[in-house]
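The values are calculated or read from the model by the stated rules, or taken from the named source; none is laboratory data. This is a predicted model, so every value here is computed, not measured. For neighbour counting, all protein chains shown are included, and Cβ atoms are generated from backbone atoms with ideal geometry for every residue, glycine included.
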Amino acid sequence: MPRVFQSSHIVCLPTTYGEGIPKVLIEAAASGKPIIATDIPGCREIVHPDQNGILIPPHKPEALAQAIQKLLEDPALRQKMGDAGRSIALSEFSSEKVIGETLVLYKN
């Protein structure tokens, strides 16, 4: 996956399936890529609108196309969102944090 992310400008997951927290979005954020994802639980936990990506309504291909076009046309915005995504991934989804929270859950 690192090579895929390196060769990509945007990571897009227009899912409508309840996937929990999609690991691919965490990986994309950690790789410094802006994200376009569906505004559903799980995706919402990773994509902070207008910070590290764009959330689109489910079943709205026009919104998806507009989001893709917006990011393709604005390299500075892609960079800004990618940088923010990396910070979010490190602060909210680091292995240490996830493991710590899981252990607390198990103890309770």
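Take the residues of the range 82-108 that are of a type in the set (S, T, N, Q) and over 13 Å from the mean Cα position of the chain (by Cα): which is modelled with the highest pLDDT?
Residues of the range 82-108 of a type in the set (S, T, N, Q): 87, 91, 94-95, 102, 108.
From what is left, the residues that are over 13 Å from the mean Cα position of the chain (by Cα) are 91, 94-95, 102, 108.
On the way: 91: 93, 94: 84, 95: 83, 102: 87, 108: 90.
Among residues in the range 82-108 that are of a type in the set (S, T, N, Q) and over 13 Å from the mean Cα position of the chain (by Cα), the one modelled with the highest pLDDT is 91.
Pick out the one residue from 68, 54, 99 that is within 14 Å of residue 37 (Cβ to Cβ) and assigned to a helix (DSSP H, G or I).
Numbers: 54 fails: assigned to a helix (DSSP H, G or I); 99 fails: within 14 Å of residue 37 (Cβ to Cβ).
Result: 68 is the single residue among 68, 54, 99 that is within 14 Å of residue 37 (Cβ to Cβ) and assigned to a helix (DSSP H, G or I).
Under 8 Å between Cβ atoms, at least 6 apart or on separate chains: pull out the pairs that start in the range 90-108 with a residue that is within 17 Å of residue 28 (Cβ to Cβ) and touching a residue at least 60 places away in the same chain (Cβ under 8 Å) and end on any residue that is β-branched (Val, Ile, Thr) and in a helix (DSSP H, G or I).
Sorted first by the residue in the range 90-108, then by its partner, the pairs are 93/26; 93/46.
Out of all the residues in the range 78-96, which are in a helix (DSSP H, G or I), in contact with a helix residue (DSSP H, G or I) (Cβ under 8 Å, 6 or more places away or on another chain) and surrounded by 15 or more Cβ atoms within 10 Å (Cβ to Cβ)?
Passing the criteria: 78, 81, 85, 86, 88, 89.
Is at least one residue of the range 31-40 surrounded by fewer than 17 Cβ atoms within 10 Å (Cβ to Cβ) and either of a type in the set (S, T, N, Q) or at pLDDT below 95 (or both)?
There is no residue in the range 31-40 that is surrounded by fewer than 17 Cβ atoms within 10 Å (Cβ to Cβ) and either of a type in the set (S, T, N, Q) or at pLDDT below 95 (or both).
Within the set of pairs 6 or more residues apart or between chains, which connect a residue that is within 11 Å of residue 5 (Cβ to Cβ) and in contact (Cβ under 8 Å) with a residue 40 or more places away in the chain inside the range 29-48 to a residue that is assigned to a helix (DSSP H, G or I) and among the charged types (D, E, K, R) with Cβ atoms less than 6 Å apart?
32/86
I need the full set of residues from the range 10-30 which are out of contact with any Gly (no Cβ under 9 Å at 6 or more places or on another chain) and either surrounded by fewer than 13 Cβ atoms within 10 Å (Cβ to Cβ) or not hydrophobic (A, V, I, L, M, F, W, C) (or both), in order please.
Correct list: 14, 16, 17, 23, 27.
If I go through the range 55-65 residue by residue, how many of them are aliphatic (A, V, I, L, M) and without any contact (Cβ under 8 Å) to a residue 24 or more places away in the chain?
Filtering the range 55-65 down to residues aliphatic (A, V, I, L, M) leaves 55-56, 63-65.
Next, only the ones that are without any contact (Cβ under 8 Å) to a residue 24 or more places away in the chain stay: 55, 63, 65.
Residues that pass the stated criteria total 3.
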